[in-house]
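Participant: After the structure tokens below, expect a handful of questions from me.
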Amino acid sequence: IFEKFGWKKAAMVTPTMIGVTGLMFFALNIFAPFFAPVAASLGTSPLMLAVLVGAAQNILSKSSKYSLFDPCKEMAYIPLDQDSKTKGKAVVDVIGNPLGKSGGSLIQQALIFAVGSLAAATPYLAGILGILVFFWYKAANSLGDQFEAAMTADAAV
């Protein structure tokens, strides 16, 4: 994938996977009555479809994260000098990853506390997912341009 499509396309797979499957999951929950005829024709309920999409989301997001996102993250350090590599990895691994996980939990807990239940917080969580995926795309696109420019400059030297 890296050789055929490049770093940027490979970096876009994970946010695409999470965005598409995540928004499908939220749509099946928020607009369950709309999807009821489709679910009935499949012999199931919108809730069961949401469970299946959620399971697919977990499988697809984990597989794309481990097979593409993590290698892309490590490759992003290649054009940097040794000092920048060390400091950049330390910031991402020590601060970025834990802050992202705890920040997500904090947002979810604050929403549940504010609106009273997870079901009531679902539309807000869907909106937050959409916003985060949008900015993830922008960041991956920008980093992809910078990475490709740095790799081209390194190849010219």
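Coordinate-derived values only; no laboratory data. Because the structure is predicted, anything quoted here is derived from the model rather than measured. All Cβ positions, even for glycine, are placed from backbone atoms using ideal geometry, and neighbour counts span all protein chains on display.
Participant: Below 20 Å, Cα to Cα, which aspartates and glutamates can Lys65 reach? Residues fewer than 8 away in the same chain don't count.
Facilitator: Output for Lys65: Glu3, Glu74, Asp93.
Participant: Multiply the residue separation of Phe135 and Ala90 by 0.36 nm, subtract the distance between their alpha-carbon atoms, and state the gained length in nm to one decimal.
Facilitator: Difference between extended and current length: 13.9 nm.
Participant: Starting from the coordinates of the alpha-carbon atoms of the range 37-157, obtain the Kirkwood hydrodynamic radius over all distinct pairs and give the value in Å to one decimal.
Facilitator: When all Cα pairs of the range 37-157 are included, the Kirkwood radius is 17.8 Å.
Participant: What angle, in degrees between 0 and 90 and rounded to the nearest 10, separates the Cα long axis of helix 7-30 from the longest principal axis of the Cα atoms of the chain?
Facilitator: 10 degrees
Participant: A further question on this structure: Give the calculated FRET efficiency between Val38 and Asn58 to the nearest 0.05, with a Förster radius of 25 Å applied to their Cβ-Cβ distance.
Facilitator: The computed FRET efficiency comes out at 0.70.
Participant: Given a Förster distance of 22 angstrom, what is the FRET efficiency for Leu47 paired with Ala120, based on the Cβ-Cβ distance and rounded to 0.05?
Facilitator: Taking R0 as 22 Å, the efficiency between Leu47 and Ala120 is 0.85.
Participant: Report the normalised scattering of the range 1-81 as log10 I(q)/I(0) at q = 0.10, 0.20 Å⁻¹, calculated by the Debye formula with identical scatterers on the alpha carbons.
Facilitator: -0.35, -0.83
Participant: Here is a follow-up. Give the aspartates and glutamates whose C-alpha is closer than 15 Å to that of Lys9, dropping any in the same chain fewer than 8 places away, or say none.
Facilitator: Cross-link targets: Asp70, Asp145, Glu148.
Participant: Continuing with this model, one more query. How far apart, in nanometres, would the label points at Val20 and Leu143 be if each is projected 7 angstrom from Cα along the Cα-to-Cβ direction?
Facilitator: 2.1 nm
Participant: At 7 Å along Cα-to-Cβ for each site, give me the label-to-label distance between Asn97 and Phe5 in nm.
Facilitator: Those two pseudo-labels are separated by 2.4 nm.
Participant: Using the Kirkwood formula on the Cα atoms of the range 103-147, what hydrodynamic radius do you get, in angstrom to one decimal?
Facilitator: Kirkwood radius, the range 103-147: 11.8 Å.
Participant: Post the alpha-carbon centroid distance, the range 99-157 to the range 9-55, in whole angstrom.
Facilitator: 20 Å
Participant: By a straight-distance test (C-alpha under 18 Å), which lysines pair with Lys87 as possible cross-link partners, with residues fewer than eight away in the same chain excluded?
Facilitator: Cα-Cα hits under 18 Å: Lys73.
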